[in-house]
Amino acid sequence: MVRSGGRKGNGCVARLPVAILSPMSPASGFSPNLQHLETSATIAISQEAKRRKAAGEDVIDLGAGEPDFPTPSIPADAGVRAIRGGKTHYPANEGILELRAAAAKHLSLLSGGRPVNADNIVVSNGSKQSLFNVCFTLFGPGDVVAIPAPAWVSYPQIVHLARARPVLVSGEPEWSLKVSVRDLDRVVPGARGLILCSPCNPTGAVYTHAEIKAIAQWARERKVWVIADEIYRRIHYGTGPAPSFLDLPDDLLERVVVVYGVSKAYAMTGWRIGTALAPGPVARAMAALQSHTTTGANHPAQLAAAAALGDERVEQDVARMVAEFRKRRDLVVARFRQELPGVEFVDPLGAFYFFFRVDSFGGLSGTEFCTRLVTTSGVALVPGAAFGDDRYVRLSYAAATDDLLRALDRIVAFAKKLGD
Ligand code: PMP
Ligand code: GLU
């Protein structure tokens, strides 16, 4: 955590003008499956920003974690060719072999050539469905699933849908809000599962190799299933891809499922392709589950994803986009350091999120801050409440640089006024 003191502010409370963070509160008569269901705040905010723009308002959306870049031409062309070539029939439940083989080779190369078996990979409609499949396969009533917090908004929801119990484990402020095995032992001694996201949405923090290894050892000793969400692995501002569970020896991976996907680093959010690499029996169960829900992921999109992961030339596109994210990250950090020196934030080392603290503005909550910011200054951000800590706000810099610069001007002016 980067810190340098606090700021003053007025504590005026604004009412939410939009349906941010509104529970769906299932009407009576709906299944208890939905008893904890809330609309995804990240999706709701981005839709609200789009609605305001369509109504003619000047709103800049730094809410959504969605790259502004077009899909690189090699996977895009592969998708078009697949449609033209008649790859428009049901795919295999677990995903087509071309994609599973490309993903296996790709994950192997990212981790120094370690063996990765394509038979253990299941392809789904976005890594969101991969996460759902894993949780539904492994967890059920009575199970506790530990989730380091702040946490991406969908994890607790997905665990609830499996009728298991999510328990948020707060990360340490002095340690970029990451958790240690001590924190896990203290809060969830009997957990059956752990969902760990690195690089982390919403903080941008990255677990080191040693930290990942310590957590893997902890999990092995306690027979805890680890779901490692590594969808942001390529968006890392250190050297190479971010450290991964796949960098660990096999004996630490017996109860680990690694979730990966093309949405973020390949700018392919709308293609909806994600993967899970799991021990054989788990992979087979997930494929069987999927055979009764979606039958498998969109067939042409799987061929596009196979080109993204399998064609070496796409690496240049990834490198170009990551370099651009890095520049934007530097811009945001520099502006905050120079113009809002009292505001604390997590040092962003990966993904494309900047997570900063707003309670120093006279005790303002993240929800109040975001509500007033969007209403008075036309910038949409996501309140930390969506991630389990409303002292913070998340800014996504996966937006065009011009928009980012204009939004930063507005945020800085807004925050300075609060601090007066
Ligand atoms: N995991 C994390 C941490 C995310 O931020 C997202 C964002 N959508 C996902 C999973 C799901 O991504 P997708 O379904 O587009 O692969
Ligand atoms: N993961 C992105 C985010 O956090 C996209 C929206 C979502 O799926 O939640 O903004």
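The values are calculated or read from the model by the stated rules, or taken from the named source; none is laboratory data. In this text, all values refer to a predicted model and were calculated from it rather than measured experimentally. Don't worry about glycine lacking a Cβ; one is built from the backbone with ideal geometry, like all the others, and counts go over all protein chains shown.
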*Output the residues belonging to segment 377-403 that are hydrophobic (A, V, I, L, M, F, W, C), touching a residue at least 60 places away in the same chain (Cβ under 8 Å) and touching a strand residue (DSSP E or B) at 6+ places or on another chain (Cβ under 8 Å).*
379, 380, 381, 382, 386, 387, 395, 399
*Which one of these is assigned to a helix (DSSP H, G or I) and of a type in the set (D, E, K, R): 359, 330, 347?*
330
*What do you reckon, is residue 272 within 16 Å of ligand 2 (Cβ to nearest atom), of a type in the set (D, E, K, R) and modelled with pLDDT of 95 or more?*
yes
_Give me the residue from segment 49-71 that is surrounded by fewer than 20 Cβ atoms within 10 Å (Cβ to Cβ) and closer than 30 Å to residue 305 by Cα and, out of that set, nearest to ligand 1 (Cβ to nearest atom)._
66
*From the set of residues in segment 53-67 that are charged (D, E, K, R) and in contact with a helix residue (DSSP H, G or I) (Cβ under 8 Å, 6 or more places away or on another chain), which is nearest to ligand 2 (Cβ to nearest atom)?*
66
*Please specify each residue of segment 28-55 satisfying the condition of being within 30 Å of residue 165 (Cβ to Cβ), part of a loop (DSSP other than H, G, I, E, B) and aliphatic (A, V, I, L, M).*
37
*Being in contact with a strand residue (DSSP E or B) (Cβ under 7 Å, 6 or more places away or on another chain) and under 19 Å from residue 278 (Cβ atoms) is the filter; apply it to segment 148-177 and report the residue that is surrounded by the fewest Cβ atoms within 10 Å (Cβ to Cβ).*
164
*Six or more apart or on different chains, Cβ under 9 Å: which pairs go from a residue in segment 220-237 that's over 15 Å from residue 258 (Cβ atoms) and within 16 Å of ligand 1 (Cβ to nearest atom) to one that's among the aromatic types (Phe, Trp, Tyr) and in a helix (DSSP H, G or I)? Could you list them?*
235/325
*Before we move on, is residue 405 outside any helix (DSSP H, G or I) and either at pLDDT 95 or above or closer than 22 Å to residue 67 by Cβ (or both)?*
no
*Meets criteria (away from ligand 2 (no atom under 16 Å from the Cβ) and without any contact (Cβ under 8 Å) to a residue 24 or more places away in the chain) for residue 193*: no
_segment 377-419, residues that are surrounded by fewer than 20 Cβ atoms within 10 Å (Cβ to Cβ), in contact with a Gly (Cβ under 8 Å, 6 or more places away or on another chain) and of a type outside the set (Lys, Arg)_ = 419
*asked:* Between 361, 356, which is among the hydrophobic types (A, V, I, L, M, F, W, C), more than 16 Å from ligand 1 (Cβ to nearest atom), within 26 Å of residue 58 (Cα to Cα) and without any contact (Cβ under 8 Å) to a residue 40 or more places away in the chain?
replied: 356
*Might you let me know whether segment 1-19 holds any residue that is of a type in the set (S, T, N, Q), within 16 Å of ligand 1 (Cβ to nearest atom) and either outside any loop (DSSP other than H, G, I, E, B) or modelled with pLDDT under 50 (or both)?*
no
*State whether the residues of segment 221-230 include one that is farther than 23 Å from residue 275 by Cα, more than 20 Å from the chain's Cα centre (by Cα) and basic (Lys, Arg).*
yes
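For residues that are more than 15 Å from residue 241 (Cβ to Cβ) and under 14 Å from the mean Cα position of the chain (by Cα), scanning just segment 201-219, find the one that is farthest from ligand 2 (Cβ to nearest atom). Spell out how you get there, then give the answer.
Residues of segment 201-219 that are more than 15 Å from residue 241 (Cβ to Cβ), as a first pass: 201-205, 210-211, 213-219.
Now restrict to residues that are under 14 Å from the mean Cα position of the chain (by Cα): 201-205.
Working: 201: 5, 202: 7, 203: 12, 204: 12, 205: 15 Å.
Checked segment 201-219; the qualifying residue farthest from ligand 2 (Cβ to nearest atom) is 205.
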*Here are 198, 130, 154, 111: which of them is away from ligand 2 (no atom under 16 Å from the Cβ) and either among the polar types (S, T, N, Q) or modelled with pLDDT of 95 or more (or both)?*
111
*Taking the options 399, 308, name whichever one is assigned to a loop (DSSP other than H, G, I, E, B), within 16 Å of ligand 1 (Cβ to nearest atom) and in contact with a helix residue (DSSP H, G or I) (Cβ under 9 Å, 6 or more places away or on another chain).*
399
